[in-house]
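Asks: Structure below; questions to follow.
The values are calculated or read from the model by the stated rules, or taken from the named source; none is laboratory data. Computed from a predicted model, the values in this text were never measured in an experiment. Here the Cβ positions follow ideal geometry from the backbone for every residue, glycine too, while neighbour counts run over all protein chains shown. Only protein heavy atoms, including side chains, enter the accessible area calculation; ligands, DNA and RNA are left aside. Shrake-Rupley method; radii C 1.70, N 1.55, O 1.52, S 1.80 Å.
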Amino acid sequence: MPGTKEIRSKIASVKSTQKITKAMQMVATSKMRRAQERMRLARPYAQKMRNVIGHLTEANPDYRHPFLVTRETKSVGIIVISTDRGLAGGLNAHIFKQTLLLMRDWQARGAQVSLCIIGSKGLAFFRRLGVPILANVSGLGDRPHVKDLIGTVKVMLDAYSSGELDRLFLVNAQFLNTMTQKPTTEQLLPIEAMDTEGLAEHWDYIYEPEAKVILEGLLIRYIESHVYRAAVENVASEMAARMVAMKAASDNAGKLIGELQLIYNKARQAAITKELSEIVRGAAAV
Amino acid sequence: MAEQHTIHVDIVSAEGEIFSGPAAMVFAPAAEGELGIAPRHAPLLTLLKAGEVRVQTPEGEYQSFFVGGGALEVQPNKVTVLADTALRARDIDEAAALAAKQRAEEALRDKPGHITQAEALAELARAAAMLKVLERLRKLRG
């Protein structure tokens, strides 16, 4: 039986761990709320962008921007969004698994795969695989900004425009609710047909400059806003996953403290009993 | 029918809504020059330069917003400004792309195991925690 002092110090150390996990849980909860709010704020822009692009492509049926044309796929680019920090349950592992499945799928079809990594956890994982990594950005923090993503996205868009990539995918964790985050794969390029429903009236704009230039500018921003939204969603997922993981850790610590306390009480009781019997025996001897 | 004297304006960016409301007039820095849009303007689609978007409210006050660029869409009774949050220019974008490429190259050049000190520490902590649990279980069993 370990000494009572030892057990006491163990209880104290578990308690301090529990304090930390509890604090982390609360921080993650509030950060998750804020990330959810930012997800909501990003929606109107994406929606309006979609409307305008849908209208534009419909009004100019004779012009097809390369971003809208599907070509034979010989090489595939994947933008992987991961977190910068750990302690988020299985979130990153799920994202990596999804990415690996996608990579294997395309490699089986004979396509080259290159990656673009957002987040340092993803970088640490994927560089061991020896797959070319075209671009990387890490340390976006809890509030990703569009301006931090522009360069990274541009590398992939340029590779697509120059024909180095024939398809571009995006993998990130989708925020379903606090308990569930699911890795998802989306095709960024070529852009799948825009829904042109609800555009019953057929009127055209005056373009300034010409339609092609505007369309190019809009499509780039559309992709960027898509990646931005995914990055924010990933932050929300990260925080939710961390919140759940830290809650489990706090609960486990609580259980552990209970068990240790029991052992401690028993040890203490045994020591007292022993001492008493010694005194009694000593008194009897006298 | 009474003539419409206002036009609805939405200014949105990828990171949030900036302005939404009626306006008597909107001024924007279009790629081809400063533009003023009054109610019942013809449908127009143009790119914006970095600059100031000014909205004249029906009360005659001016509100101004800085945009880093973006696009402007005019529909018969609606103006939408799709604003960039960041300053956009060809060379700035180019530099950002180059930086992103370099980061990837540097990360690949670093020997695995060099940066991974943090990972090793985490692994060690995990192993230590596991040992502790095992030890505890053994004690509980007797």
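Asks: Leaving out ligands, DNA and RNA, calculate the buried accessible area for the pair B and A with a 1.4 Å probe, summed over both sides, in Å² to the nearest 100.
Replies: 4000
Asks: Over the heavy atoms of A:S16, what accessible area does a 1.4 Å probe trace out, to the nearest 10 Å²?
Replies: 60
Asks: Could I ask something else about it? Net charge around A:E238, counting only other residues with Cβ within less than 11 Å of its Cβ (Lys, Arg = +1; Asp, Glu = -1)?
Replies: +1
Asks: For the range A:58-170, what is the accessible area per residue in Å², given a 1.4 Å probe and the full set of protein chains?
Replies: Computed with neighbouring chains in place, this is 43 Å² per residue.
Asks: Express in Å², to the nearest 10, the accessible area of B:M25 obtained by rolling a 1.4 Å probe over the protein heavy atoms while all chains stay in place.
Replies: 50
Asks: Cα-Cα over 20 Å: which of A:K19/A:K247; A:K10/A:K255; B:K49/B:K101; A:K5/A:K266; A:K15/A:K121?
Replies: B:K49/B:K101; A:K15/A:K121
Asks: Further, regarding this structure: For helix A:146-161, what angle does its Cα long axis make with the longest principal axis of chain A, in degrees from 0 to 90 and rounded to 10?
Replies: 50
Asks: On to the next question. Working with all protein chains in place, sort A:E58, A:E192 by solvent-accessible area computed with a 1.4 Å probe, largest first.
Replies: Most to least solvent-accessible, the answer reads A:E192, A:E58.
Asks: Now, a different point. Tilt of helix A:91-108 relative to the longest C-alpha principal axis of chain A, in degrees (0 to 90, nearest 10)?
Replies: 40
Asks: I've got another one for you. If packing is taken as the mean number of other Cβ atoms within 10 Å per residue, what is the order of A:32-38, A:135-141, highest first?
Replies: A:135-141, A:32-38
Asks: So, one more: What's the carbon and sulfur percent of the range B:2-89's accessible surface, probe 1.4 angstrom, rounded to a whole number?
Replies: 48
Asks: Inverting the mean 1/r over all pairs of different Cα atoms, compute the Kirkwood radius of the range A:212-278 and quote it in Å.
Replies: Hydrodynamic radius (Kirkwood, Cα only) of the range A:212-278 equals 17.1 Å.
Asks: A further question on this structure: List the residues whose amide H sits under 5 Å from the amide H of A:I79, counting only those 5 or more places along or on another chain, with H placed 1.01 Å from N in the peptide plane.
Replies: Hits under the 5 Å cutoff: A:C116, A:F169, A:L170, A:V171.
Asks: Using a 1.4 Å probe on the protein heavy atoms only, what accessible surface does A:L176 show? Give it in Å² to the nearest 10.
Replies: 90
Asks: Report, ordered by chain and residue number, the lysines lying within cross-link reach of A:K48, taken as a straight Cα distance under 17 Å and ignoring same-chain residues fewer than 8 apart.
Replies: Correct list for A:K48: B:K78.
Asks: By what distance, in whole Å, do the Cα atoms of the protein assembly as shown stretch along each of the three principal axes, largest value first?
Replies: 116, 59, 36
Asks: If you don't mind, another one. If you stretched the chain out fully between A:E210 and A:S161, how much longer would it get, using 0.36 nm times the residue separation minus the C-alpha to C-alpha distance?
Replies: Taking A:E210 through A:S161 to full extension adds about 15.7 nm, to one decimal.
Asks: Further question on the same structure: Probe radius 1.4 Å, ligands and nucleic acids ignored: give me the carbon and sulfur share of the accessible area of the range A:7-62 as a rounded percent.
Replies: Exposed carbon and sulfur together represent 56 percent of the surface.
Asks: May I pose another question? Cα axis of helix A:211-285 to longest principal axis of chain A: angle in degrees, 0 to 90, nearest 10?
Replies: 10
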